[in-house]
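So the structure is just underneath, and the comments pick up after that.
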């Protein structure tokens with residue numbers, strides 16, 4: 001029986017950073033996920049997609065065609081927008097703008113929430129109140145050998 005794929009929820013900043021830069025941990029992670037490896041399953045939220053597209057439209061509209069061409073290569077499972085009640089349940093856990101990210105990761109049964117947002121997520125990393133691990137892109141890449149070993 002094949003091992004269960006590790007479910008990796010990507011925050012908007014990781015996807016955007018990986019698209020913009022041709023080097024660094026976010027880009028390496030996106031390149032790895034684009035290989036559609038059976039032991040990794042990538043996901044993000046509809047909320048995150050909307051945030052990425054809003055930022056690109058506002059700051060880099062010329063990049064939108066590249067983004068639209070590259071995004072499907074990530075094989076992302078897109079988690080539906082959380083309801084108002086789902087968001088209210090987690091009010092106060094972090095910045096209001098990031099609660100839909102947490103709820104989407106929960107709804108997607110993520111094993112990891114990968115984010116570059118240290119300010120709003122570092123306290124949650126230590127608190128361990130969610131069923132997933134919170135990691136930066138480089139921290140996640142560092143655990144891939146353990147994932148390959150099944151640990």
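The values are calculated or read from the model by the stated rules, or taken from the named source; none is laboratory data. Here the structure is a predicted model, which is why all the values come from computation and not from measurement. Note: ideal-geometry Cβ built from the backbone for every residue, glycine included; neighbour counts use all protein chains shown.
Key figures
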item	result
Where residue 101 falls short, out of the listed (1) surrounded by 14 or more Cβ atoms within 10 Å (Cβ to Cβ); (2) out of contact with any strand residue (DSSP E or B) (no Cβ under 8 Å at 6 or more places or on another chain); (3) more than 20 Å from residue 144 (Cα to Cα)	(2)
Residue in segment 51-66 that is within 23 Å of residue 147 (Cβ to Cβ), surrounded by fewer than 16 Cβ atoms within 10 Å (Cβ to Cβ) and modelled with pLDDT under 95 present	no
Residue list for segment 5-36, filter: part of a loop (DSSP other than H, G, I, E, B) and either under 13 Å from the mean Cα position of the chain (by Cα) or crowded, with 21+ Cβ neighbours inside 10 Å (or both)	11
Residue tally, condition farther than 28 Å from residue 35 by Cβ and assigned to a helix (DSSP H, G or I), over segment 56-103	16
Breaking point among (1) part of a loop (DSSP other than H, G, I, E, B); (2) within 16 Å of the chain's Cα centre (by Cα); (3) over 14 Å from residue 7 (Cα atoms), for residue 109	(3)
One residue from 36, 11 being more than 19 Å from residue 131 (Cβ to Cβ) and either touching a strand residue (DSSP E or B) at 6+ places or on another chain (Cβ under 7 Å) or free of Cβ contacts under 8 Å to residues at least 40 places away in the same chain (or both)	36
Top-ranked residue of segment 112-138 - restricted to ones that are part of a helix (DSSP H, G or I) and modelled with pLDDT of 95 or more, ranked as farthest from residue 46 (Cα to Cα)	138
Selection from segment 79-103 of residues that are under 14 Å from residue 11 (Cβ atoms), at pLDDT 90 or above and in contact with a helix residue (DSSP H, G or I) (Cβ under 6 Å, 6 or more places away or on another chain)	79, 98, 99, 100, 103
Selected residue [closer than 25 Å to residue 141 by Cβ and either within 11 Å of the chain's Cα centre (by Cα) or surrounded by fewer than 18 Cβ atoms within 10 Å (Cβ to Cβ) (or both)] from 42, 83	42
